[in-house]
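What follows is a short report on a single structure.
The values are calculated or read from the model by the stated rules, or taken from the named source; none is laboratory data. Quantities reported herein were computed from a predicted structural model and do not represent experimental measurements. Here the Cβ positions follow ideal geometry from the backbone for every residue, glycine too, while neighbour counts run over all protein chains shown.
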Amino acid sequence: MSKKQSALGFQDGKKNGPVECLGMTFDNDGARRELEAEAEKQFLALGGNGFFLVNVGKAKPIIDEIDRVLAEHYGFTDEELDFIINYDIKYRLGAEEGEE
């Protein structure tokens, strides 16, 4: 049986029990579908122009894991990886000016 795939790359699959998608675990497929529907609504509200809003604070663990994989691939030192992961962290996570 083939799986239906949405415009954003989500796939229909499991119906009951925990579901993992985009590095997140949902209680069930219904909860995942709610996130998918909201994401597609936001995407279409922007005109479907290829731009998509991301809450960087929530995405940071996934981005950090991507940075770790790339750092290993390119042979970065631990110090270089630390710099990449922590670069402008207060701005990327939305801290106000003057906060640390």
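Tabulated data
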{"item": "Inter-residue pairs, beta-carbon under 8 Å, first surrounded by 15 or more Cβ atoms within 10 Å (Cβ to Cβ) and in region 26-49, second assigned to a helix (DSSP H, G or I), 6+ apart", "result": "Phe26/Arg32; Phe26/Leu35"}
{"item": "From Ile84, Ile66, residue being under 13 Å from the mean Cα position of the chain (by Cα), among the aliphatic types (A, V, I, L, M) and at pLDDT 85 or above", "result": "Ile66"}
